[in-house]
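All remarks here apply to the structure that follows.
A short reminder: the numbers here are calculations on the coordinates, not readings from a lab. Small disclaimer: the values here were computed from a predicted structure and weren't measured. A quick note on method: Cβ atoms are made from the backbone with ideal geometry, for glycine too, and the neighbour counts reach across all protein chains shown.
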Amino acid sequence: MSADTLLLAVAIALSPTGVLACVLLLTTERGTAKAWAFATGWVVAIAAVGALTLAADSMVDSTSDATSTGSAWISVGLGAVLVVAALRRRVRTGGGAEEPSWMGRLDRMPVLVALGFGVFMPPYVVAAAAANSIVKASGSGSATTTAVCVVVVVASLGVLAPCVVAVTAPQSDRWISAWRAWLLRNWTGVLFWLLVVVGSWLVLKGAYELIS
């Protein structure tokens, strides 16, 4: 598995919207059940992307020039989408903290809806970039399967960690409260820089592959 793929998986795990949603759910009524449902939906969504990656890998010749060129253009396109999304959000919010539109609905959110919410929340553009990286670097079938499994696990750590802390740590309420306060203050800035850094990297990597 390439370092590029692993870094994209880490970027998914650090997505502040997913971590914030999970932490906020933990502070609501029946919070532990809802947070675990959210995390389960997130894992299912990333696993579904992984399954599609395996299907695409079986149909694509990763050694062909056309595949290599197409992969590079996909990287450029996905990176541009991330950078534009970051800049549009920054212009709209003026760089200040912004309350997510879904925050006010968490208290009344049933467990089953939290599961669907988890399916909706992963950063699918970054997940698509990770899938593109896996297909481009495809080796044996077992190597691709291993890469997909690693991405699913790593990309899910950000939402699983608060859930695990909530049920295992002796002072979990204090930890969750601290994370909640920090994320509410900083999630917009973290998201902006995450999108800009990952997007710029994808654009530069794709451009280099096109001209090399």
Problem set entry | Test: residue 48 is within 19 Å of residue 160 (Cα to Cα), crowded, with 21+ Cβ neighbours inside 10 Å and out of contact with any Phe, Trp or Tyr (no Cβ under 6 Å at 6 or more places or on another chain) | no
Exercise. If you take just the helices (runs of 4 or more DSSP H) that sit entirely in the stretch 1-111, which of them hold at least 2 residues that are more than 30 Å from residue 176 (Cα to Cα)?
Worked result: 3-13, 31-59, 65-93
Problem set entry | Hey, residue 103 out of contact with any Asp or Glu (no Cβ under 6 Å at 6 or more places or on another chain), farther than 24 Å from residue 206 by Cα and loosely packed, with under 14 Cβ neighbours inside 10 Å or not | yes
Seminar exercise, completed: Of those in the stretch 153-173 that are more than 24 Å from the chain's Cα centre (by Cα) and in a helix (DSSP H, G or I), the residue nearest to residue 45 (Cα to Cα) is 168
Problem set entry | Long-range neighbours under 6 Å by Cβ, at least six apart or interchain, first residue closer than 23 Å to residue 12 by Cβ within the stretch 105-120, second among the hydroxyl-bearing types (Ser, Thr, Tyr) and not in a helix (DSSP H, G or I) | 106/28
For this session: Please tell me if residue 24 is within 23 Å of residue 207 (Cα to Cα) and crowded, with 18+ Cβ neighbours inside 10 Å.
Result: no
Seminar exercise, completed: Scanning the stretch 128-152 for residues that are in contact (Cβ under 8 Å) with a residue 60 or more places away in the chain and assigned to a loop (DSSP other than H, G, I, E, B), the one surrounded by the fewest Cβ atoms within 10 Å (Cβ to Cβ) turns out to be 137
